[in-house]
Amino acid sequence: MPENGPVESGPALENLLVEERTFPPSPEFAAAAVASADLYEQASADRLGFWADQARELLDWDTAFTEVLDFSDAPRARWFADGTLNAAFNAVDRHVAAGLGERVAIHWEGENGDTRTLTYADLQREISRAANVLGDLGVSTGDRVAIYLPMIPEAVIAMLACARIGAPHSVVFGGFSAEALHSRIVDAEAKLVITADGGYRRGAPSALKPAVDEALAKGGTPVEHVLVVRRTGQEVAWTDDRDVWWHESVDAASETHAPVAVDAEHPLFILYTSGTTGKPKGIFHTTGGYLTQSAYTHRNVFDLHPETDVYWCTADIGWVTGHTYVTYGPLVNGATQVMYEGTPDTPHRGRWWEIVQKYGVTILYTAPTAIRTCMKWGGDIPAQFDLSSLRVLGSVGEPINPEAWMWYRRVIGGDRTPVVDTWWQTETGAIMISPLPGVTAAKPGSAQVPLPGIVADVLDDAGKSVPNGSGGYLVLTEPWPSMLRGIWGDEERFRETYWSRFPGSYFAGDGAKKDADGDIWLLGRVDDVMNVSGHRLSTTEIESALVSHPWVAEAAVVGAQDATTGQAVVAFVILRAEAVEKADEEGEGHDVVAELRNHVAKEIGPIAKPRSILVVAELPKTRSGKIMRRLLRDVAEHRQVGDVTTLADTSVMDLIATGLATAP
Ligand code: WT7
């Protein structure tokens, strides 16, 4: 089935809230803001010239580019292609050379209370040492390196050490299982894995190295070495000629290393994300265009004043937000940032606000799910801390409901701070649609306007631009510097997934609406991709995980609305009765739900565990055998089940409903 075949159930356009409140920037904020309305004019007068200016102003090039965009081989774009540069040099060395070596780059806060402060000079030394070790371990320009680390400074150092030698990194979120890690290592053919013994999570050390050992034991990987950071000090199994301690090798390495200037189009990283099929896609980004848009958006959307701001993005480096807005954007811009290892409620529910107070955070970038969780915990918790340093708040990952937006602004931002709702994707590399804090009169719940230099539209089924007041599908009609350059090793899937639905335009997979002013409201995915706490999960991937269990004959997964996590995974399974009975006889018990939830955690990772699993006798299917998830979503969201006339067997839904009613 093509990934973007007929959309089975679109977002509920009619449910869109009518939001009339607007929040224009204060005159003081606007006067001191980095961005002004001129940016829109400059960009629309000469879009490519605008991007060329950004690339020259925000980055240092080893070889200046003369060509801005080559889209002759569309959809494969080439930006600034005859230029050369190095990402780590731009993120660190040039700031040190400019006399900013003593500026704090990272205030790191471990979950257990450990802290570390790294200046730009410290980062330069550590990255250079690590780059030397990568070379000693046989990694050269173009080789891929997998990174599986907790949120510790070494995560950023490892990414930039790879970038320094031009070895594309593939960061795998620490919450993914050995199975998921293995498939990513194999797909990218990574030669080296960088990991840690473990990290602190919810007050206890949580191991990582065993998952790497398990992944590599499956075989079929070209991995030669594993570089291991000691973070928790927990026991680890050791493979002598393969495993190398970071503290033994990196600490002993030379602190000088010459960064390798690479072509602007040299791959910088691969990052796997869920699509509509079972196999995750290796989205790959290149160097010059990605860094240009990362720095440009970080500076303008967050109104960054690097001399005075303390910036904090709460995302993990395992997601694209961590790549662009922890590692690359802030460091290329010479910012001072906070990095936090753990969860927001360890050891208490005020931990984030305590961190804001402690470091005087001025810019905070987080996800709606976190905001809604804090709302649930109550405003009296943040009220116990001094949050007056905050001056810009950002949101990313899923639509933010106006109520959460208002709470964020009022309770966290003291009714004073602009809130920027930023829409983008792993594929877009950097922010695409967002208000500018000193320019745009913000509307709670809307990402509003494409940034200067970006061109977006909302199309109807026939590919026609919809008028204001109507909804459809979000597309990007012009190439942008940080766009994905493809799916690693699968050119055809790249074209098919993003460029075939509306020829000539990039199809984002999101539903959107233009309001009466032409502002854009994002309405959620229109494909089989779910968004749980801002994490992207594929229904098919979880279904495959479920049916790989011997007890499961068939499975269907849907994303059901959830007040905190946005969507939640709900699975419907048909069991193989004999298998369950056999397990029962053998004394293994048959807590089906617990067993299957754990199985999904093992196959993909704990983030993919279904919130609920419903055992059913049949699944609703069309005559052509396609599962009608729309009907299952109705069940999962406790709604009256919709139109069943296209079902092959219309009694199936009654059967499911009766089954649920009689379930224990
Ligand atoms: C999907 C991309 C962008 C980094 C984090 C997620 C949804 C993202 C917003 C927003 C409404 C949003 C979309 C998008 N999304 N930001 N501000 N408003 N929806 O990256 O894992 O690649 O997921 O997240 O559905 O397609 P990702």
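Of all DSSP beta bridges confined to the chain, the antiparallel ones make up roughly 60%. Electrostatic tally near Val458: other residues with Cβ closer than 13 Å to its Cβ, Lys and Arg +1, Asp and Glu -1, net -3. Using C-alpha pairs below 8 Å separated by at least 6 residues, the relative contact order for region 533-661 is 22 percent. Our coupling estimate for region 496-513, obtained by passing each phi through the Karplus curve with A = 6.51, B = -1.76, C = 1.60 and θ = phi - 60°, is 5, 5, 10, 10, 9, 5, 10, x, x, 10, 8, 8, 7, x, 10, x, 8, 9 Hz, Gly and Pro reported as x. The Asp654 and Lys464 beta-carbon pair, evaluated with R₀ = 41 Å, returns a calculated FRET efficiency of approximately 0.55. With a cut-off of 11 Å between beta carbons, the residues surrounding Gly394 carry a summed charge of -2, where Lys and Arg count +1 and Asp and Glu -1. Residues whose amide H comes within less than 5 Å of that of Leu268, counting only those at least five positions distant or on another chain, are His285, Thr286, Thr287 (H built at 1.01 Å from N in the peptide plane). Which of the residue pairs Lys281/Lys609; Lys218/Lys602; Lys218/Lys281 have a Cα-Cα distance greater than 18 Å in the structure shown? Going by Cα-Cα distance, Lys281/Lys609; Lys218/Lys281 fall outside the 18 Å limit.
Within a straight-line Cα-Cα reach of under 14 Å, Lys621 can be paired with the following aspartates and glutamates, leaving aside sequence neighbours fewer than 8 residues apart in one chain: Glu8, Glu554, Asp643, Asp649, Asp654. When only Cα pairs below 8 angstrom with a gap of at least 6 residues are kept, the chain shows a relative contact order of 14 percent.
Whole-Hz Karplus values for region 376-390 come out as 5, 6, x, x, 5, 6, x, 4, 7, 10, 8, 10, 5, 6, 5 Hz, taken residue by residue from phi with 6.51 cos²θ - 1.76 cosθ + 1.60 and θ = phi - 60°; glycine and proline positions read x.
The alpha-carbon of Lys513 sits under 26 angstrom from the alpha-carbons of these lysines, leaving out residues fewer than 8 places away in its chain: Lys443, Lys464.
Cα centroids of region 47-118 and region 396-461: how far apart, whole angstrom? That distance is 24 Å.
Counting Lys and Arg as +1 and Asp and Glu as -1 over every other residue whose Cβ lies under 14 Å from the Cβ of Val570, the net charge comes to +2.
Distance between the 7 Å Cα→Cβ label points at Glu496 and Asp591: 4.1 nm. Amide H contacts under 5 Å for Met339: His107, Trp108, Glu109, restricted to partners 5 or more places along the chain or on a different chain, H placed in the peptide plane at 1.01 Å from N.
3J(HN,Hα) couplings calculated from phi for region 280-286 with the Karplus curve 6.51 cos²θ - 1.76 cosθ + 1.60 (θ = phi - 60°) are, in sequence order, x, 9, x, 6, 10, 10, 10 Hz; Gly and Pro show x.
Once you reduce region 570-622 and region 629-656 to the center of their Cα atoms, the two points are 21 Å from each other.
Values quoted throughout were computed directly from the atomic coordinates according to the rules given, and no laboratory measurement underlies them. Source: prediction; values computed, not measured. When we count neighbours, we look across all protein chains shown, and the Cβ atoms used for this are built from the backbone with ideal geometry, even at glycine.
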